[in-house]
Amino acid sequence: MKVLVVGGGGREHAMIWKIAQSAQVKKIYCAPGNAGIADLAECVPIDAEDMDQLAAFARRQKIDLTVVGPEGPLSKGIVDCFEKQGLRIFGASQKAAEIESSKTFAKHVMNKYGVPTAEGATFTSLKAAEAYIKKMGAPIVVKADGLAAGKGVIVCATVAQALAALKQILVDKEFGQAGSKVVVEECLVGEEASFLAFTDGKTVLPLPSSQDHKPIFDDDKGPNTGGMGAYSPAPVVDQYLHDRIMNEIMLPTVRGMAAEGRPYKGVLYAGLMINRDQIKVLEFNGRFGDPEAQPLLMRLKNDIVPIMEAIIDERLDQCRLEIDHRATVCVVMASGGYPGKYKKGLPISGLDKVRRIKDVVVFHAGTAFKDNQVVANGGRVLGVTALGDTVAEAISKAYKAVEKIKWQGVQYRKDIGQKALKRYQVKPQVCIVMGSDNDLPVMEGAVGMMKKFGIPFEITVASAHRTPEKAAHLAVSARQRGIKVIIAGAGHAAHLAGALAAQTTLPVIGVPIDSSCLQGLDALLSTVQMPPGIPVATVSIGRSGAKNAGILAAQIIGVADAQVAGLVEVHKKEMAAQVAHKAERLEAYR
Ligand code: AMP
C-alpha cells in the first residue's frame, strides 16, 4: 500500500511513525514533511494546502490512502476534492471540519444538541458586541470565529481589555477573515484536558485522555503557543468523567453532525474545561492535536491503517482500540524567542545520542536539512516523547533525552506532566467499596457527589463473603491512608458495611443494593440491623441511597472543611431552586 501524509509537523511525524509500523504499508510520502519525517517517508515539496497539486500527485503515484494532519487543508475542502476524484482520504469533509473552522457553527451545534459549553453569543457588529460585553462584565473571553493558529482567543480580565480585543479582531482585522465574526463567551475556570476519538460518523472510539501545555513558560506563564508538551493519561479525566464525556459530548456531537447532514469522519478532538463534576467544551478540533498526537499515538497498540480505512468505509463498529496501559509524555523543544521571533538554520546536536534510548522517540516539527545537518527551522522544533510505567517515569525518561539535545537558544518547559503528578499525590478522603462491579451503576451515585463536592476518593470492589481479608485490610488501613468516611454498597445478605465497620473507628455508610428478588429489602435489613456497638449509617436503597451516602459523607467531612461545607450548601440551594422552578411551571396550569 502507498500512503501520502499531508503536513509537516510533529503531529504528522507521529502519524507517519505509526503508519510505518503497518504491515500493509510499503511506501510513505509526505507533503511537505521535515528532516525527521525524511527518515521514514519520501518528502515531496508540495504545500499542505495545495489541494490540486496534492490530488494530481496522489493520482500520478497511485496512492492508496491519503491522511491529512493539519486543519488548514481540511477546512479548505481537501477531503471533498480527493473524494470527487475517487481518491481515498482520511479526514473530515469541509462541512464537517467547520466544527473547528467556525466557532459560531460549533456553538450552534453544541447548543442545538445539548452539548455543554460556555454561554456566549456571536457578533458581526462592533456596537452589539460592546453592549453584550458591558452587560456580561469581566472576566470574559473574546474569540475570532475562524482559524487563527490558536492565537484568536483572548481571555480578558477586564471589560476594557475585552473591548480592546473586540477592536483587534473586528476593526483592526488582526486575524484577517477569521475575525469577520467574534464569539464572546463566559470565562470558564478549572483544569483543561483534551479528549480525542476516532469516528466514522456513527461509531465513536475514544482515545485515552491527554493534556496539552499551551503557555510558553513553566506554571502556565507567558503567551500561548501551539503547545509546549503533552501527556497521557490525564488523571483529571477519571473513568466517571470519561463516561460522561462520551455520553454528554462526543456521542451527541457526532449524532448532531449527522443530523445536520455533515457526517463527521476522522478524528474529533474536544478541548474541555473540567471543574469538579462540570465538563464544558472550550473548542472542537477536526483532527489530531499537536502535541497530543505524539503521546497518544505512542500508546495506541493497533495498526492505525485498518482503523483509518474502516472510518473511510464507515465500518468502525468492527474495530476496537488497544491501548498501552503505560503513560507517555512529550516535551516540546522550541527555538529561543518563540512564540515571538526566532532564528532559523541553527544546527541541532545530540539527536544520535537519543536514538538508542529505549521507549523514547524524537518527533520532529520545525526541522530541515542544511549542509547534511539537521537544523532548527521553526518555532516548535522537536517533541521528545517517552513511554513509562507511570507518568513520573515517562517524565524522567523524556527529560533525560531532552538534556542530550542542544542548539543555540533552545527553550523548553521543565514542568510538563507536573499537573498529573500533583493529582496522583492527592490522598483520597472517602473510600467507596462495593461487593461486586455489578454494583457500579448504583454506586456511581456516590461517585457523582464526590466529584460535585471536590472530595478525592478511592473506589474498589471487596466482598464480605468472598474476599473477607481484602475487606478487612481496607477497613483496618483506611484511617492511616487518610480516609475519613467509608461508603459500602452491597446487595443480598449485605454484610459488607458491617464487616468494614467492625474493623475501623471511621464512620461507615451502607448502601443497600437492589440485586435480588427481594428488591433490596434483604440488603436494607442486613445493612441497617447492626448489633449494638457497631453502627452503620443507612440512607436508603439503590442509587438514591448511594447519592445520599455521598452527600452524608460530604457533610461529615464538611464539619472540619469549610470549602466542602460551602459546596454542600450551594448544592442544597440548587435543589431548592429546582423545586421552586418546577412548582412555578406546574402553577402555570391553573
Ligand atoms: P480555544 O482555541 O477555543 O481552545 O482556546 C484556546 C485557549 O483559550 C484554551 O485552551 C483556553 O485556555 C482558553 N479559553 C478558550 N475559551 C475559554 C473560556 N470560555 N474560558 C476560559 N478560557 C478559555
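The values are calculated or read from the model by the stated rules, or taken from the named source; none is laboratory data. Model, not experiment: these values are computed from the prediction. A quick note on method: Cβ atoms are made from the backbone with ideal geometry, for glycine too, and the neighbour counts reach across all protein chains shown. All accessible areas refer to the heavy atoms of the entire protein, side chains included, with ligands and DNA or RNA removed. Shrake-Rupley method; radii C 1.70, N 1.55, O 1.52, S 1.80 Å.
When Arg423 is tested against (1) more than 21 Å from Val564 (Cβ to Cβ); (2) open to solvent by 10 Å² or more (accessible area, probe 1.4 Å), exactly one condition is not met: (1). Within segment 25-48, is there a residue that is touching a residue at least 60 places away in the same chain (Cβ under 8 Å) and among the polar types (S, T, N, Q)? Yes - at least one qualifying residue is present in segment 25-48.
Please go through segment 286-304 and give me each residue that is within 13 Å of the ligand (Cβ to nearest atom) and surrounded by fewer than 24 Cβ atoms within 10 Å (Cβ to Cβ), ordered by number. Result: Gly289, single match. Note on segment 9-34: residues that are under 22 Å from Gln53 (Cα atoms) and assigned to a loop (DSSP other than H, G, I, E, B) total 3. Mind checking which pairs have a first residue in segment 213-236 that is closer than 22 Å to Ala365 by Cα and without any contact (Cβ under 8 Å) to a residue 60 or more places away in the chain and a second that is of a type in the set (Gly, Ala, Ser) and open to solvent by 10 Å² or more (accessible area, probe 1.4 Å), Cβ under 6 Å, 6 or more apart or different chains? The qualifying pairs are Pro215/Gly222. Close Cβ contacts (under 6 Å, 6 or more residues apart or on different chains) running from residues in segment 330-352 that are under 22 Å from Asp212 (Cα atoms) to residues that are at pLDDT below 95 comprise Pro339/Pro223; Pro339/Thr225.
Pairs are defined by a Cβ separation below 6 Å, a sequence spacing of at least 6 or placement on different chains, a first member in segment 378-391 that is closer than 20 Å to Arg355 by Cβ and in contact (Cβ under 8 Å) with a residue 60 or more places away in the chain, and a second member that is surrounded by fewer than 20 Cβ atoms within 10 Å (Cβ to Cβ) and among the basic types (Lys, Arg); the pairs so defined are Leu387/Arg326. For segment 234-257, which residues satisfy the criterion of being within 28 Å of Val67 (Cα to Cα), among the hydrophobic types (A, V, I, L, M, F, W, C) and open to solvent by 10 Å² or more (accessible area, probe 1.4 Å)? Those that are within 28 Å of Val67 (Cα to Cα), among the hydrophobic types (A, V, I, L, M, F, W, C) and open to solvent by 10 Å² or more (accessible area, probe 1.4 Å): Met246, Leu251. Would you check if Tyr231 is crowded, with 23+ Cβ neighbours inside 10 Å, hydroxyl-bearing (Ser, Thr, Tyr) and over 20 Å from His108 (Cα atoms)? The answer is yes for Tyr231. With the requirement that a residue be open to solvent by less than 30 Å² (accessible area, probe 1.4 Å) and assigned to a loop (DSSP other than H, G, I, E, B), what does segment 397-420 give you? Ile405, Trp407, Arg413, Asp415, Ile416, Gly417, listed by residue number.
Just so you know, in segment 258-275 the residues that are over 18 Å from Glu71 (Cα atoms) and more than 16 Å from the ligand (Cβ to nearest atom) include one that is most open to solvent (accessible area, probe 1.4 Å), and it is Ala259.
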